[in-house]
Structure formats: structure tokens, C-alpha cells
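The block underneath contains the structure these notes are about, expressed in C-alpha cells.
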Amino acid sequence: MSPFSQCLVTLRTRYGIRQGELADMVGYEQSYISALEVGLKGPPTLEFVERLSEALSLSSEERQYLHEALLASQRKFTIELDAREDVYWMFRDLREQLPELSEVQVRVIRDILRLQDPQQRLILKPIRCAKRRKTEEVVM
């Protein structure tokens, strides 16, 4: 389930609204709301998001989260024309491995990407070398 799909389901259930009621509120078909929630449709337009925000009278925090979920749910991306060759190879590798990535692998990749973000910079502690004890020092 995409972040937007999850967010939409969460908002709708939090406000106690059925899919059909939400569809009437935002001026879309109930089948479209259902397709968004289960991920059959890609992320909607900004117009849909604005209608949804207005219909539910979302707080500024909820609106921001909805927009972030929309951006995170994009299925396609474009590599910049001036990207280095190694970036193309990296994305090829990622595209091939994406279906098999474990949760741990995804978490590690995201942590690595955050290393470049000054607002989310991870604090790296220097790795200490472990001292090896001589066999005669070890107490068993």
C-alpha cells in the first residue's frame, strides 16, 4: 500500500466517513476512492488533494502529511539529464532488485540517503577497534 493510500484510509476512517460519502464530498466516484485506497490508481492530482483537504477541513499538519504522502507515492521518476553515468547504473541496479528488497535493506538504503541530508544527518560515531586478549588473559 502506498503512503498516500494508507493516509487516505486513515483519514477517512478517523473521520468516520464511508467511501461513498467521501466521494460525494469531493466530487469523485466511489470506485475512484476505492481504487486509490487499494493502490490500483496512482497518486491523484493536486486538485483531488485540495478538495479532500477542504472537504475534511484538515489541519495544517494533516494537509502537510497528505502532501508528503502524495509525493512519496509517485511511481515514476526521471533522472536529470546531467546526471553522472554511475547514477544511471545505480538506478538500474535498484530497479532490478526492488521487488526482492527486504525491510532491513530498504531501511539501510534510506539511512544512507539521509547521510546527505543536513536536516536529518545521522551522527556517526567512530568505530573503535576491539582489543584482542591473549588466550592466557581470558577467564573461563
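Read the figures in this text as sums done on the coordinates, not as results from a lab. From a predicted model like this one, the values you see are computed outputs, not experimental measurements. In this analysis, Cβ positions are derived from the backbone assuming ideal geometry, glycine residues included, and neighbour counts consider all displayed protein chains.
Quick one: grab the alpha carbon gyration tensor of segment 1-83, order the square roots of its eigenvalues as a ≥ b ≥ c, and give me rounded if a/c is under 1.5, else prolate or oblate depending on whether a/b is larger than b/c.
In terms of gyration-tensor shape, prolate.
Sketch the reach of a paramagnetic label on ARG110 as a point 7 Å from Cα along Cα-to-Cβ, and name the residues of segment 2-16 whose backbone nitrogen lies under 19 Å away.
2-11
Please give the net charge around GLY20, taking every other residue with its beta carbon less than 12 angstrom from that of GLY20, where Lys and Arg add +1 and Asp and Glu add -1.
Neighbour charge sum, excluding GLY20 itself: -1.
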